[in-house]
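Colleague: Just dropping this structure here.
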Amino acid sequence: MHWVHENQMAFDAAALGFPSILGCQAICFHTTRGLYGFHDAKSGQRGTLTATDVSDAKLKIFAKWVTDSFQTGETGIALYGVINRDEQYNPDAAGNAEWKAVLLGLAGTGALGFTGDVSGARINSHLEKKSSDKDKSAYVQFDLAGNDCTVGFKRWSKMEADTKNKVKPAVQKAVVYRDPVFQPEDIFGSGKVAPVVRKDSSKGFNLNRIAIKQFIKFQ
């Protein structure tokens, strides 16, 4: 299990967790070997790069990192993007078209070179009904069960990053802006990340699963 914090990339053979998804997108590429993830933090302009340029640049780094990590015989199965309701890409035809273009741009030739299933899901109104305007963030987790990938979430207000017991992941990188470009780098400092735990330690994660019918199939 790896926890993928903002603008970090990770691989795990079984599960990836994404802390505090609000204006970000949790991206997961499911392959025959496991799960590659990128916590794509929503960004504005950086230097001479427009917001669109920033998004493209970061996703290209993720795609190259994935393809450079591929082992002999490894192939892609599905690409997923999960966002928090309307915090990214408006829930209308135009917003979905923009979202589709981003994910297909990541999948397509020149990036992952992947022509299989590409889908996106919006976390449903469960959060909005039970959270204040200041607390609508979510924890998102991808899990492999055999050959199937499932996605679940929990209100971030019930979770927290355990900064006192950080762990050093085996396979994880950060995407960092170094004027005028973005580049992959080792995780800052000791290279450790904070795992996610339930605030109430007597309770399990008990994730709300996102049903297949909630996914929009883009490809």
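The values are calculated or read from the model by the stated rules, or taken from the named source; none is laboratory data. This one's a predicted model, so the numbers in the text were calculated from it and none came from an experiment. Cβ: placed from backbone, ideal geometry, glycine included. Neighbour counts: every protein chain shown.
Colleague: Does the range 20-28 include one or more residues that are closer than 24 Å to Val193 by Cβ and over 15 Å from the mean Cα position of the chain (by Cα)?
Modeller: No - not one qualifying residue is present in the range 20-28.
Colleague: Quick check: anything in the range 173-183 out of contact with any Leu (no Cβ under 9 Å at 6 or more places or on another chain), part of a loop (DSSP other than H, G, I, E, B) and polar (S, T, N, Q)?
Modeller: Scanning the range 173-183, I find no residue that is out of contact with any Leu (no Cβ under 9 Å at 6 or more places or on another chain), part of a loop (DSSP other than H, G, I, E, B) and polar (S, T, N, Q), so the answer is no.
Colleague: Another question, then. Regarding Asp12, is this residue closer than 26 Å to Ala170 by Cβ, acidic (Asp, Glu), buried (at least 17 other Cβ atoms within 10 Å of the Cβ) and without any contact (Cβ under 8 Å) to a residue 40 or more places away in the chain?
Modeller: Criteria not met by Asp12.
Colleague: The conditions are (1) assigned to a helix (DSSP H, G or I); (2) among the charged types (D, E, K, R); (3) within 20 Å of Pro184 (Cβ to Cβ), and Lys42 fails exactly one of them. Which is it?
Modeller: Only one criterion is unmet by Lys42, namely (1).
Colleague: Write out, first by first residue and then by second, each pair whose Cβ atoms fall under 6 Å of each other, whose residues are 6+ apart or on separate chains, and whose first residue, in the range 158-171, is surrounded by 10 or more Cβ atoms within 10 Å (Cβ to Cβ) while the second is assigned to a strand (DSSP E or B) and hydroxyl-bearing (Ser, Thr, Tyr).
Modeller: Met159/Tyr139
Colleague: Only one of these is of a type outside the set (A, V, I, L, M, F, W, C), on the phi > 0 side of the Ramachandran plot and either modelled with pLDDT of 95 or more or not in a helix (DSSP H, G or I) (or both): Gly120, Gly110. Name it.
Modeller: One residue alone meets the criteria, Gly110.
Condition check ((1) closer than 17 Å to Glu6 by Cβ; (2) without any contact (Cβ under 8 Å) to a residue 60 or more places away in the chain; (3) out of contact with any strand residue (DSSP E or B) (no Cβ under 8 Å at 6 or more places or on another chain)) across all residues:
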| residue | (1), (2), (3) |
| --- | --- |
| Ser137 | yes, no, no |
| Cys149 | no, no, no |
| Gln183 | yes, no, no |
| Val197 | no, yes, no |
| Lys217 | no, no, no |
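Colleague: Return the residues of the range 37-76 that are surrounded by fewer than 17 Cβ atoms within 10 Å (Cβ to Cβ), among the β-branched types (Val, Ile, Thr) and under 19 Å from the mean Cα position of the chain (by Cα); say none if nothing qualifies.
Modeller: Thr52, Thr67, listed by residue number.
Colleague: Show the residue pairs meeting these rules: Cβ distance below 9 Å; 6+ apart or different chains; first residue within the range 20-33 and at positive phi; second residue assigned to a strand (DSSP E or B) and modelled with pLDDT under 95.
Modeller: Partner pairs satisfying both residue conditions: Ser20/Ala138.
Colleague: Right, next: Which residues, taken from the range 188-217, are in a loop (DSSP other than H, G, I, E, B), modelled with pLDDT of 95 or more, hydrophobic (A, V, I, L, M, F, W, C) and more than 17 Å from the chain's Cα centre (by Cα)?
Modeller: Phe205
Colleague: Mind checking which pairs have a first residue in the range 66-88 that is at positive phi and a second that is part of a helix (DSSP H, G or I) and surrounded by 15 or more Cβ atoms within 10 Å (Cβ to Cβ), Cβ under 8 Å, 6 or more apart or different chains?
Modeller: Arg85/Leu127
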